[in-house]
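The values are calculated or read from the model by the stated rules, or taken from the named source; none is laboratory data. Predicted model only: the values in this text are computed from it and were never measured. Note that each Cβ is placed from the backbone with ideal geometry, even for glycine, and that neighbours are counted across all protein chains shown. Remember, those area values only see protein heavy atoms, side chains included, never the ligands or the DNA or RNA. Shrake-Rupley method; radii C 1.70, N 1.55, O 1.52, S 1.80 Å.
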Amino acid sequence: ISAVASGSTIYDPAITNTTIDREQARFDPALDLDNTWTRVESGSAIFDPFDPFGAIITGSRTNGYNLDLGLAKTNPLGGSAGLGFGATTLRFAPGVFPLNPQTDSSLELTYQQPLLRGAGVDVNLAPIVLARIDTERSFFQLKDSVQEMVRGVIEAYWALVFARTDLWARQQQVAQAEEALERA
C-alpha cells in the first residue's frame, strides 16, 4: 500500500485556462498603424546656354509622409468590420509649385461576412467552448488525482494500524505460548 502523487499540480487547470483567453482573443479589436517617410532626389543635366561645352546639373527633391491607421474587429458571426484612415503628404523643393505641399487623405469603412465557411455563431464560438471543456476536464483530473492520493494515504494509515495491531496480537500469542510452555 502506498500513496503515489500523480504529477498533477494546482497549476495545470490554470495553464489550461489560458487557452480560453487565447480563443477569445480572436474577437479582440486590432489596431494597425503604419508611418512611412520617403525622400526622393532625382537629378538631371541640361546644356549650359552660356557655355556650349558645359552642362548644368539640376534636380528636384520630393519629401513624402504616409500614414495608414486601421481598426478591425471580428464578431461572433464570423464577419469582420474595419475602419481605416490614410493620409499622404508630399513636399517639393526647390522651386515654386502651385500645390506645395500636397495632401491626399481617405477614410474607409468595410465589413466582410463569410456566407459558408466560417460563418455562424456556433462555428466561431466552438473553439471557446472546447477550451472551457478542456479546462473543466483538467480541473476534474486534478481533483481526481488529489482524491486518489488522499485515499491512498488513508489506506496506508489503516494498513499501518492493522500491522501494528497484528504485531501486538502476535506478541500476545507468543507470550501466552511461552507461559503455557513453562506450565507444561
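Taking every alpha-carbon pair under 8 Å whose residues sit at least 6 apart, the chain reaches a relative contact order of 25 percent. The residues of the chain have, on average, 79 Å² of accessible surface per residue, using a 1.4 Å probe with all protein chains present. In a simple Cβ point-charge model (Lys, Arg +1; Asp, Glu -1; nothing else charged), the stretch 19-102 has a dipole of about 140 debye relative to its Cα centre.
In a DSSP loop and with at most 12 other Cβ atoms within 10 Å, the trypsin sites (Lys or Arg not before Pro) in the stretch 54-149 are R117. Using alpha carbons only, the radius of gyration of the stretch 102-154 set against its Kirkwood radius gives Rg/Rh = 1.51. Taking θ as phi - 60° and the Karplus parameters 6.51, -1.76 and 1.60, the scalar couplings of the stretch 77-88 work out to 6, x, x, 10, 9, x, 10, x, 9, x, 9, 10 Hz in sequence order, x denoting glycine and proline. The longest stretch of the chain left intact once loop-based chymotrypsin sites (Phe, Trp or Tyr not before Pro) with at most 12 other Cβ atoms within 10 Å are removed from consideration, loops following DSSP, is 54-184.
Summarised in one figure, the compactness ratio Rg/Rh of the chain, Cα atoms and Kirkwood Rh, is 1.58. When the Cα positions of V146, S80, L130 are compared along the charge dipole of the stretch 55-184, S80 comes out farthest toward the positive end, with charges on each C-beta of Lys, Arg, Asp and Glu. Secondary-structure-derived ellipticity at 222 nm for the chain, considering helices only, amounts to -15500 deg cm²/dmol, per-run term -39500 (n - 2.57) for DSSP H runs with n ≥ 4. In a reduced charge model with +1 at each Lys and Arg Cβ and -1 at each Asp and Glu Cβ, the chain shows a dipole moment near 180 debye about its Cα centre.
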